[in-house]
Amino acid sequence: MIEFTIDGKTVQAERGESLLKIATEQGFRIPHLCYHEAVQPYGACRLCLVEVTQTSHGRKRTKLTTSCNYPALEGIEVVTQSERINKNRRMIIELLLARAPKAKRLQELAEEYGVDRVRFPTSGAESDHECILCGLCVQICRDVVGVDALGFTGRGVNKEARPPFGEPSTECIACAACVEACPVDCIKMEETHTLRTIVRWERTLPMRVCETCGYPFAPTFQLMHFAKKIGKSLSDFRVCPDCR
Amino acid sequence: MQPIRSVKQLESYRETLRKGRDPDRKIISVCTGTGCKAYKCDDLASALQAEVKSQGLSDKVEVVPTGCHGFCERGALMVTYPDDIFYQKVKPDRAAEIVEKTFKGGEILEDLLYVDPVTGKKIAKESDIPFYKNQQQELLAAGRRIRPDSLDDYLAIGGYAALAKVLGEMKPAEVIDQVTKSGLRGRGGGGFPAGVKWKTCAEAPGDIRYVICNADEGDPGAYMDRSLLEGNPHSVLEGMLIGAYAIGSTQGYVYVRNEYPLAVSNLNAALAGAREAGLLGTDILGSGMDFDVQIVRGGGAFVCGESTALMASIEGFVGEPRAKHIHTVEQGLYDKPSNLNNVETWANVPLIINKGVEWYTAIGTGDVSTNPWGGSKGTKIFSLVGKVNNTGLVEVPMGVTLRQIIYDIGGGVRDGKKFKGVQTGGPSGGCLPESFLDRPVDFDELTKAGSMMGSGGMIVLDEDTCMVDFARYFLNFLRDESCGKCTSCREGLERMYQITNDICEGRATPEMLPLLDELAEVVRDASLCALGQTAANPVLSTLRYYRDEYEAHIFRRECPAKSCKAMIRFSINERCNGCNLCLRNCPYGAITGEKKKGDTYKIDQTKCTQCRICFESCKFDAVSIDTGVMR
């Protein structure tokens, strides 16, 4: 265990643990969009900026850095709120809001941080719930679900998270983990009694219907994927978790 | 050749090489660097070789096609040793005459000599030409005397002596100590002390360590590393070998742009030569050290010059940077301790070992005896381009002033125009005005001034450059090269580009100026990697030193440099003598008038596209450009 301070309060943690994780557990509020405890910190949204004072090579320096991927180190001093931090957070919220003006989570953050207007032209009607490139869908699909159906293409503002070649996904199992994880709700899901569609990836798959209650409980491909993972067969999943 | 198995064998082989070379034999060194290739230097070299042979001078004269000589402005170039006669703008068809008159007859061909633009005098000797006279070539000099792909040539001028010294006499820790004491700082731009980096890497836990050479030079207009790799690849390789020994690495990588085919090919030749001679492989020079180097060719993404993105790219992933809270010297390539330095840094290493810390620290600024950040030592290669008379590669000691580089070496601003600024450090460097010309050039001074050393790009701007347009140009480059991972860099650069574009096109509102200020600071402070953190420099520095130009654009719709099309209008003034050249050249038929003196030519503003052709073709200065007139 090592010791360091967050806003003056001494805390103990494992060396190398995520500052954001520790701070959140300790009750400090640090905003974030691309951080999810199920995956490695990615450091893309830049909202979780904090100030860290550290001595290295004999020089004491304070820097602005993201807390999600900053490792807990002995003796560092972490500040989670300051005018400098807020100034940067406000601009980041404004930049993201210009990209995805209708995202509820961004609107809430804007209100919290007093971002009362967006000074950049927004791209117009089509930017309804636009992706903010937080990367959570890509990471979760790859590292948690283990399907790796998504990736990044392009650079700069032309970067996109999508299935290979921009074509409808052929790998997606419609598990909807990405739908759940997306902080700006830009990955929509539609369900009928027998089909589930992940709209953004243009993937429609049949649902498995519970043999007991007759209710569709999971996409067949998802069940096949997990059955394979745990060494069982699809026939082991005839009934929904409620009826099991 | 037989592999060289010991330091002793290396020295005796070197001795044999030297004895086999006639010291009285004259050398014609022909630059065959990439710049001169455009001037048919390869044809020139072969024509000279053929002439030397056919005129029976093979015993007395040797033609050596070498790497870049630096004075690209004057290509194709050749210089003779030991006479030091410098011929410029040489065409292949002059080969016979050169060999006959200069080498048989001892006559100097006047029309091939360099003419000093200041004095108007012809200069015969290379060492008398201001461009060369005011440089201190330590890294580039060797490359002008050797065939880049020849190990023998490199050995004959003392190559791999530093490696021999290190393997024969020094412990790894002593090597690191020497490099630290030399004050060598990373030439890729960061200026991190190389010795400190090496030490951390050597001490990081783990059994596998990598050394990496960053040759992903991507700055528009900069080619220092390219020329070093093309001209003297063995010097870079020797530096890497010494680093590998010091750190305890058995595998090295050179990450080089695929757009540098000559560098790749010369480096491959160097690797093959070194392997054959036993300078790469197992038990190098009988020391027990194993080391080899692999070339990885990059696809040309600017961001892959960033160390973590570069390592991701070597591993086969998308070149996206990651946060360096855990340094790459501890967890880098394949999560192993990795020591990355750029081409020029590696090339400095043999020099330090051969000539010693005392010699090296005598060059440059500050005092590094107790603090490796205490100064900038050694020389630095700059690629001097833009509106300067002598464009090319220049190597100077750290601490010379910008004025010395731009005026003494560069010959000042082109066409008698007024100096406006100089951008140092590549696309994400800042632009410094005239008041900084007498500041010394080193890592810390440039950073203090709001610019940076970068990897050594230096672009000179004259009075015709609009500084808002300048900022817009680099923002356009950077927004395209941003990997798009982090919000501040991706969105921030795009928005800054849009704002500068609005300013240049006359659409800006007064609120845009403070917004640009604010945005630039956030991009600098909040971005993930060095690309984003420095990308705002062109904006921050121009806002700081040329704010009046932004204000003129926004508040008065004026472009002081008369360059932004939306804010200028062309007209024909009373100096017109009716020659009608403008009328004939105008591609849009916007000019009307009769070909006679006294007639008033007119430009139809509805047809004019501000292409500047009339302005540039007029011999009588009769085309005026007005600004501040919204059309």
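Any read-out appearing in this document is the output of simple, stated calculations on the displayed coordinates, not a laboratory observation. Please read these numbers as outputs of a predicted model, since none were measured by experiment. Virtual Cβ from ideal backbone geometry, glycine too; neighbours counted across all protein chains shown.
Think of each Lys and Arg Cβ as +1 and each Asp and Glu Cβ as -1; about the Cα centre, that makes the dipole of region B:473-631 roughly 820 debye.
Mean partner shielding of peptide B:492-502, defined as the number of other chain Cβ atoms within 10 Å of each residue Cβ, is 3. For the protein assembly as shown, build the charge dipole from Cβ charges (+1 Lys, Arg; -1 Asp, Glu) around the Cα centre, then report which of B:Asn134, B:Gly189, B:Gly506 sits farthest towards its positive end. Going by the Cα projections, it comes out as B:Gly506. Placing R0 at 41 angstrom, the Cβ-Cβ distance between A:Arg29 and B:Arg18 gives a FRET efficiency of 0.05 after rounding to 0.05.
Shape index of region B:381-535: Rg/Rh, with Rg the Cα radius of gyration and Rh the Kirkwood radius from the inverse mean 1/r over Cα pairs, equals 0.99. For region A:56-97, the residues whose backbone nitrogen is under 19 Å from a point 7 Å from the Cα of A:Met1, taken along Cα to Cβ, are A:72-78. Exceeding 28 Å between C-alpha atoms, which entries from my cross-link table qualify? They are A:Lys159/B:Lys562; A:Lys159/B:Lys197; B:Lys101/B:Lys355; B:Lys19/B:Lys91; B:Lys89/B:Lys121; A:Lys60/B:Lys324. Over 28 Å apart, Cα to Cα: A:Lys159/B:Lys562; A:Lys159/B:Lys197; B:Lys101/B:Lys355; B:Lys19/B:Lys91.
For region B:467-556, the relative contact order comes to 37 percent (Cα pairs under 8 Å, sequence separation of at least 6).
Roughly how crowded by other chains is peptide B:323-329, in terms of the mean Cβ count from those chains within 10 Å of each of its Cβ atoms? What the average comes to for B:323-329 is 4.
Averaged over the residues of B:477-490, the number of partner chain Cβ atoms lying within 10 Å of the residue Cβ comes to 6. Computed extension gain for B:Asp517 through B:Lys165, at 0.36 nm per residue and net of the alpha carbon distance, reaches 121.4 nm. For the protein assembly as shown, the share of DSSP beta bridges that are antiparallel, to the nearest 5, is 70%. Charge dipole of region A:2-81 (Cα centre as origin; +1 on each Lys and Arg Cβ, -1 on each Asp and Glu Cβ, all else neutral): 340 debye, rounded to the nearest 20. Rounded to the nearest 10 degrees, the inclination of helix A:220-229 to the longest alpha-carbon principal axis of chain A is 70 degrees. If you find the alpha carbon centre of region B:198-226 and of region B:343-360, how far apart are they in angstrom? Region B:198-226 and region B:343-360 have Cα centres separated by 16 Å. What shape does region B:3-159 take by its C-alpha gyration tensor, where a ≥ b ≥ c are the square roots of the eigenvalues and a/c under 1.5 counts as rounded, a/b above b/c as prolate, and the rest as oblate? Here region B:3-159 falls in the prolate category.
A helix-only calculation puts the protein assembly as shown at -9000 deg cm²/dmol for mean residue ellipticity at 222 nm, using -39500 (n - 2.57) for each DSSP H run of at least four residues, averaged over all residues. Identify which of A:Val145, A:Val11, A:Val179 has the largest mean-square fluctuation in a Gaussian network model of chain A, with springs joining Cα atoms closer than 10 Å. In this elastic network of chain A, the residue with the biggest mean-square fluctuation among A:Val145, A:Val11, A:Val179 is A:Val11. For the Cα trace of the protein assembly as shown, dividing Rg by the Kirkwood Rh returns an Rg/Rh value of 1.02. Each label point was placed 7 Å from the Cα along the Cα-to-Cβ direction; for A:His57 and B:Glu203 their separation is 1.3 nm.
When the Cα gyration tensor is reduced to axis lengths a ≥ b ≥ c, the ratio a/c is 1.5 or higher for chain B, and with a/b not above b/c it is classed as oblate. Applying both filters, DSSP loop and at most 15 other Cβ atoms within 10 Å, to the GluC sites (Glu not before Pro) of region A:151-244 gives A:Glu171, A:Glu202, A:Glu211.
Ordered by the count of other Cβ atoms within 10 Å of each Cβ, fewest first, A:Lys102, B:Lys121 give B:Lys121, A:Lys102. For the pair region B:1-46 and region A:31-72, the centres of their Cα atoms are 52 angstrom apart.
Please label the shape of region A:96-230 as rounded, prolate or oblate, based on the square roots a ≥ b ≥ c of the eigenvalues of the alpha-carbon gyration tensor (a/c under 1.5 means rounded; beyond that, a/b larger than b/c means prolate, else oblate). Judged from the Cα gyration tensor, region A:96-230 comes out prolate (a/c at least 1.5, a/b above b/c).
Estimated from the Cβ-Cβ distance and a Förster radius of 60 angstrom, the FRET efficiency linking B:Ala141 and A:Lys232 is about 0.25. Between the listed residues B:Gln55, B:Thr119, B:Gly105, the Cα displaced farthest toward the positive end of the dipole of region B:50-122, a dipole computed from Cβ unit charges relative to the Cα centre, is found at B:Thr119. Helix B:343-355 axis versus longest C-alpha principal axis of chain B: approximately 50°, rounded to the nearest ten. The distance separating the Cα centre of region B:438-492 from that of region A:177-244 comes to 51 Å. For chain B, the longest principal axis of the C-alpha atoms and the axis of helix B:512-526 are separated by about 10°.
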